[in-house]
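Novice: This is the structure, below, for whatever I ask next.
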Amino acid sequence: MAFDLAPYLFMTFAGLTIAAAISILLTKEIVRSALFLAFTFFGVAIVYMFLNAEFLSLIQILVYVGAINVLILFGVMLTKRKLMGGGPCE
Amino acid sequence: MMFDYSGLYQFLYSVSSWLLWEVGRILGFIGIDSGNILYPIRQFLVDPQFVYFVALLLTALIYLVAALLFGIQFIWMERKFLGRFMDRRGTSVGFLGFFQNFADAFKVLLKAVITPKDADKRVYQFAIFAILAVSFMLLGLVPWDINWYAVNVPLALLLGLAVFSLAPFALILAGWSSNNKYTLIGGIRGAAQLIAYEVPLLLVVVSVIVMTGTLNFNEMVAWQQGNIILFIPLFIGALTFFIAGVAESERVPFDLPEAEAELVEGWQTEYGSLGWGLVMCADYLRAFIICALFSILFLGGWTGPTFLPGSVWMLAKAALVFFFMIWVRAAMVRIRTDQLLKFCWNRLLPLAVINLAVAVLIKIYAVGGW
Amino acid sequence: MAEDAKNKSTYQSRSELKPRAWIADGLRVTFKTLVRTTVHRPNTIQYPFEKLVKPDCYRGRPGIVLEKCIACSKCVRICPNRCIEMVPIESATLGKVKRPQVNVARCMMCGYCAEVCPTNAMIVTPEFELAAYSRSELMFDPFKLQFESKPGYEVCSPMILPSEIKAGKTEMHNKGDMAIKDTVALDAKKCISCSRCEKTCPVGAVKMTETGEINPKTNKPIKKPAFDNEKCVSCEQCVDVCPKSCLSMKEAM
């Protein structure tokens, strides 16, 4: 009995990616949004893996999660909180 | 019984198949034979795919234990050598003080797990797992001998660097979620430093890739065995890689993220008990991975006289590089943030570019063209 | 100029901030230390297993030689921490006597008690590991305090008086020299001839002697104390015991 897991795994990861992408929009806390963004990027990298594009997937992780997401977090950390409607910085 | 010692996978596969075969025999002994309702279970146990799965699980377990032991052992090495560098004895429990770290580990294990009151609890715990996963995954990527590895993918080096580049993200999350200004400053500093020093690190790695024409560790070592150990032509690159590696693993003189004089313990401040212990272990493991990468990229990995097995040469070379890290730690003072970044962009980046040019020239003129 | 360069404590020239100064020198010095400590041994003393050699004049806890003690209680007086107390003891050789008891928990090992002891009965011992499980164990009674005396344990620091330094003298006085000994002065008008000072003197330096006068009421000769300064150890017990406070110490200085 040849049982091919690949389509089910693909569906699982695609679903998780979409769920993470939606929760970026739904989360109130902006840092958590950045975290979900990282999950989304990861999911996209895994989808690339399913497409047999390993190099692209690794570059996706290296550039998007490793660099751009950290840049976004830096932006969040260096922005005054009042601008985003939260309480004042302590 | 005869086990297959030629490689980690072969060894574990033979071990697990022997184990499962024995289990099947015991099941047969207690009366589960063909015709019994439980017979399919026994058949399933000796199925080659299931054996392979068990072998995979065993590999993961061995790598987890090995990662923790590596961490403990290198903490011991650092403490012992630092002691000698500073004219004192270092740890002294057990043989040469080796069991001091185990005692410390048990102490850390018995502490209460405390989460700060206003911390973002989910992210706070996620950060630990992210750091641990990122660090322990790296250990699986590094081959110790021609057949001893957990994974051997064609893009191993790129995968390793991709995993390495995830650390600043976890750091900044850990710093932010602890709800403490020191951890936040430490996390931001750590992330900035790691991102900045990744650039020269990657450039040096690119020069190695240019020379060897591959991204696979095994093929790199094979190239070095066939031609020349890369430390000699790419001396500048090796130096740059070492300095960038010290900065990547947040060690003195680049330990700004955990500058204990100003930031208590940096981004780890609010972590306690086992979480902190594992993070500490992962820290040393990352430093050690850098050393292992250095020895693969520049020192020829497991190349060496054959009176010792290759993995021993590999470990010895990595330990030698780690010794240099300890030496640097004993000798130097912590530098300022502006000096840190200026040093990276003004000194290391030009050096890395020069090194890349050297690699390209050697590749074109000496090794014999593309 | 050369000494100035040696003694400077801050960075003075730009060359000291160059990498040779803060990278190469540090690496060199630490590597030298590593080689030295690996070939020989580190500077650390593994304390409970190995100990430093104590100097001969080491001042540990006080000790006592019971036979030499004359119970003058000078040590009680001098003790800065007030940890010495005279307690009555009974022993076969000495009978019923008073001897000092030291609360070692409070003792600060200054050795003053041994320094003032006129007979060198109080000594400083090289014992310093005094940890105990309870405070009562640290109350060293005279028998526990006993220690075999050796020449180095007695504290006999020679003294010189400020007045003598002014006069240009350099030679020192030993313990008990007449020149540095405080003596007792008697105010004869107040004395009621009770002879308590004679009874209390530990060395028998006080003698009641007849003055030649006769008490008109009882027709008996009036006796007043006379002090033998050679024997006296300036312990001030007679001063303390005098009911009319007619005795006082006259300082040698």
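The values are calculated or read from the model by the stated rules, or taken from the named source; none is laboratory data. The model shown is predicted, which means the values in this text are computed figures rather than measured ones. Using ideal geometry, Cβ is built from the backbone for each residue, glycine included, and neighbour counts are taken over all protein chains shown. Surface areas here come from the heavy atoms of the whole protein model, side chains and all, with no ligands, DNA or RNA. Shrake-Rupley method; radii C 1.70, N 1.55, O 1.52, S 1.80 Å.
Novice: Go through (1) touching a residue at least 40 places away in the same chain (Cβ under 8 Å); (2) surrounded by fewer than 18 Cβ atoms within 10 Å (Cβ to Cβ); (3) under 16 Å from B:CYS291 (Cβ atoms); (4) not charged (D, E, K, R) and name the single condition B:GLN73 misses.
Specialist: Only one criterion in (1) touching a residue at least 40 places away in the same chain (Cβ under 8 Å); (2) surrounded by fewer than 18 Cβ atoms within 10 Å (Cβ to Cβ); (3) under 16 Å from B:CYS291 (Cβ atoms); (4) not charged (D, E, K, R) is unmet by B:GLN73, namely (1).
Novice: Now, a different point. Among the residues of the stretch B:306-315, what is the count of those that are surrounded by fewer than 21 Cβ atoms within 10 Å (Cβ to Cβ) and assigned to a helix (DSSP H, G or I)?
Specialist: Number satisfying all stated conditions: 4.
Novice: Taking the stated definitions as given, is B:PRO233 surrounded by fewer than 19 Cβ atoms within 10 Å (Cβ to Cβ), on the phi < 0 side of the Ramachandran plot and touching a residue at least 12 places away in the same chain (Cβ under 8 Å)?
Specialist: In short, no.
Novice: Need at least 1 residues that are within 14 Å of chain B (Cβ to nearest Cβ) per element, so show me which strands (runs of 3 or more DSSP E) inside the stretch C:27-105 make the cut, counting only ones lying wholly within it.
Specialist: Those strands (runs of 3 or more DSSP E) do not exist here; none qualify.
Novice: Can you tell me which of (1) modelled with pLDDT under 85; (2) within 11 Å of another protein chain (Cβ to nearest Cβ) is the one C:ALA21 doesn't meet?
Specialist: (2)
Novice: Name the residues in the stretch B:167-220 that are aliphatic (A, V, I, L, M), within 12 Å of another protein chain (Cβ to nearest Cβ) and surrounded by fewer than 24 Cβ atoms within 10 Å (Cβ to Cβ), would you?
Specialist: Matches in the stretch B:167-220: B:LEU184, B:ILE185, B:ILE188, B:ALA192, B:ILE195, B:ALA196, B:VAL199, B:LEU202, B:VAL205, B:LEU215.
Novice: Out of the residues in the stretch C:166-217 that are touching a Pro at 6+ places or on another chain (Cβ under 8 Å) and small (Gly, Ala, Ser), which is nearest to C:ASN229 (Cα to Cα)?
Specialist: Ranking the candidates gives C:GLY176 first.
Novice: Let me ask something additional. For the stretch A:43-63, which residues satisfy the criterion of being surrounded by fewer than 21 Cβ atoms within 10 Å (Cβ to Cβ) and either within 10 Å of chain B (Cβ to nearest Cβ) or among the basic types (Lys, Arg) (or both)?
Specialist: Listed by number, the residues that qualify are A:GLU54, A:PHE55, A:ILE59, A:VAL63.
Novice: Taking C:LYS68 as the residue in question, decide whether it is within 25 Å of C:CYS232 (Cβ to Cβ) and modelled with pLDDT under 90.
Specialist: Answer is yes for this residue.
Novice: Also, quick follow-up: If only one of B:ALA318, B:ALA330, B:ALA357 is part of a helix (DSSP H, G or I), surrounded by fewer than 18 Cβ atoms within 10 Å (Cβ to Cβ) and either modelled with pLDDT under 85 or out of contact with any Pro (no Cβ under 6 Å at 6 or more places or on another chain) (or both), which one is it?
Specialist: Among B:ALA318, B:ALA330, B:ALA357, only B:ALA357 is part of a helix (DSSP H, G or I), surrounded by fewer than 18 Cβ atoms within 10 Å (Cβ to Cβ) and either modelled with pLDDT under 85 or out of contact with any Pro (no Cβ under 6 Å at 6 or more places or on another chain) (or both).
Novice: Kindly indicate whether any position in the stretch B:84-106 is open to solvent by less than 40 Å² (accessible area, probe 1.4 Å) and within 8 Å of another protein chain (Cβ to nearest Cβ).
Specialist: Taking every residue of the stretch B:84-106 in turn, at least one turns out to be open to solvent by less than 40 Å² (accessible area, probe 1.4 Å) and within 8 Å of another protein chain (Cβ to nearest Cβ).
Novice: Also, quick follow-up: Taking the condition of being in a helix (DSSP H, G or I) and open to solvent by less than 40 Å² (accessible area, probe 1.4 Å), how many residues in the stretch A:25-36 meet it?
Specialist: The number of residues fulfilling the criteria is 4.
Novice: While we're here: Go through the stretch B:106-131 and give me each residue that's part of a helix (DSSP H, G or I) and touching a Lys or Arg at 6+ places or on another chain (Cβ under 7 Å).
Specialist: Across the stretch B:106-131, the qualifying residue is only B:VAL123.
Novice: Shifting gears a bit: Any idea which residue in the stretch B:107-116 is farthest from B:LEU69 (Cα to Cα), counting only those that are open to solvent by 60 Å² or more (accessible area, probe 1.4 Å) and not small (Gly, Ala, Ser)?
Specialist: For the stretch B:107-116, the residue satisfying everything is B:ILE114.
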